[in-house]
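See structure below.
Just so you know, all these numbers are worked out from the coordinates, no wet-lab data involved. Since we're looking at a predicted model, the values are computed, not measured. Note: ideal-geometry Cβ built from the backbone for every residue, glycine included; neighbour counts use all protein chains shown.
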């Protein structure tokens with residue numbers, strides 16, 4: 001099946017929009033990941049301090 005030039009342009013525009021939203025979601029996930037890593041590091045540090053206090 002061959003696409004017309006208009007169909008090719010429409011397909012390209014759809015792909016660009018999908019890429020835009022995928023990148024936007026990726027940025028949001030990277031920020032969430034960084035926040036979760038920071039929380040985990042804080043909890044791990046707190047656990048070490050508590051363990052040293054009990055030891």
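Computed quantities for the displayed model
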quantity	calculated
Between 0 and 90°, nearest 10: helix 5-54 axis offset from the chain longest Cα axis	0 degrees
Structure-derived volume of the Cα convex hull per residue in Å³: which label, when the choices are [x] 44; [y] 111; [z] 59	[z]
Helical mean residue ellipticity (222 nm; -39500 (n - 2.57) per DSSP H run of 4+; nearest 500) of the chain	-34000 deg cm²/dmol
Förster-model FRET efficiency, 30 Å R0, residue 17 and residue 43, C-beta, rounded to 0.05	0.15
